[in-house]
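Here the structure is laid out as structure tokens; the discussion comes afterwards.
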Amino acid sequence: MITQPINPAYVVISPGRNEADYMRCTLDSMVAQTLRPALWIIVDDGSTDESPQILAEFAAQHDWIKVLPKPDRGHRAVGPGVIEAFYFGLDTVDLDDYDYLCKLDLDLDLPPRYFEILIERMQADARIGTCSGKAYFRNANGDLVSEKIGNEMSLGMTKLYSVACFRQIGGFVREVMWDGIDCHKARMLGWTPVSWDEPELRFEHLRPMGSSQQSIYTWRRRHGFGQYYMGTHPLFMIASAVNRMRQPPFVLGGLAMLQGYFGAMLRRVPRHGDAELRAFVRAYQLDALRHGKASAVARIEAERAAVWAR
């Protein structure tokens, strides 16, 4: 049984490359947190813009901010590249010193009680292994629009983990869909991954999800590839793509997802090596298609409670 710390400490690791247009907002919102991290490691992943100067400015003012330069790979690398940079920072940390760990992007504007509320909830329910708030972006009219990520997942741009859960799942895989595989693995082991859509937990994603790719279609294809790699069932993939067709770019975005998924299938691309996890993901997805995600998640979490309690 997991016991909760009385005075929790958390460490944040932020990979970033050429984030000068956004990072000052993220830095300001972290400084304004009512519960600040014991340590915030920012990995400068070979930036060629004004990022190093901005980071140096904040690090000089706040001793809990540490900047860690990483050699320039010569290009921006989403997915595996982000996780590579994350581990570059994590390798300098002794997780025994912390109760919670967060992977945080540098293009977010967080509400001031964000981490205080999340950690309070993890303290109240030790089974919550990873959690987050909800991402919103501004549309052309300046209105905040939800990125519509399900409550059964913590969001990839701000994943808060209990150290115990992070260690048990084996950390993040260094591949596309790392931020889906981790939640499924946690749930399989009896933990509860969750995100909440509430005013004090809504954050602005200053760079909308997928916009760092060459195009939105590139991101959709990568997403489809990632779903294939994770082991997603073809029926669930089709249903997911059809649902995505209702959002911009209408129809074509969903087709790009299917292209990424079935293209990988036709090429016989190797899948994630954990066969038990792939079977778990497929069983959940088929249950979700029959009864809905909320019902499928509730059933799994009830069944896996005994696994977690061991």
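Bear in mind these aren't lab numbers, they're just calculated from the coordinates by the rules spelled out. All values derive from a computational prediction rather than experimental measurement. Here Cβ is always computed from backbone atoms with ideal geometry, including for glycine, and neighbour counts include all displayed protein chains.
By the beta-carbon count within 10 Å of each Cβ, the least crowded to most crowded order of Ser132, Ser215, Ser240, fewest first, is Ser215, Ser240, Ser132. Between the listed residues Gly224, Leu235, Ala288, the Cα displaced farthest toward the positive end of the dipole of region 214-310, a dipole computed from Cβ unit charges relative to the Cα centre, is found at Gly224. Region 74-126 and region 218-296 have Cα centres spaced 26 Å apart.
Of the Cα atoms belonging to region 162-255, the radius of gyration and Dmax stand at 15.2, 41 Å. Taking amide H as placed 1.01 Å from N in the peptide plane, the amide H of Tyr98 sits under 5 Å from none that are at least 5 places away or on another chain. Cβ crowding within 10 Å, taken as a proxy for footprinting-reagent exposure, orders Lys134, Lys103, Lys293 from fewest neighbours to most as Lys293, Lys134, Lys103. Considering region 207-277 at the alpha-carbon level, its Rg and Dmax are found to be 12.1, 35 Å. From helices alone, the chain scores -13000 deg cm²/dmol at 222 nm; the rule is -39500 (n - 2.57) for each run of n ≥ 4 DSSP H residues, then divide by the residue total. Structure note, pairs Lys70/Lys185; Lys66/Lys185; Lys103/Lys293; Lys66/Lys134; Lys70/Lys134; Lys103/Lys134: Cα-Cα distances above 23 angstrom occur for Lys70/Lys185; Lys66/Lys185; Lys103/Lys293; Lys66/Lys134; Lys70/Lys134. Less than 5 angstrom separates the built amide H of Ser14 from those of Ile41, Ile42, Val43, Leu104, all sequence-distant by 5 or more or on a different chain.
Between Gly142, Gly254, Gly180, the Gaussian network model of the chain with springs among Cα atoms under 10 angstrom shows the greatest mean-square fluctuation at Gly142. Compared with the rule-of-thumb size 2.2 N^0.38 Å for a compact globular protein, the chain has a Cα radius of gyration ratio of 0.97. Per-residue extension of 0.36 nm, minus the Cα-Cα distance of Ala275 and Ala124, leaves a gain of 51.0 nm for this segment. The modelled label-to-label distance for the pair Ala59/Arg299, using points 7 Å beyond Cα in the direction of Cβ, is 5.1 nm.
For the options Asp109, Asp91, Asp44, a Gaussian network treatment of the chain with springs between C-alpha atoms closer than 10 Å singles out Asp91 as fluctuating the most. GNM remark for the chain: springs join alpha carbons under 10 Å apart, and the peak mean-square fluctuation among Val242, Val194, Val173 falls on Val242.
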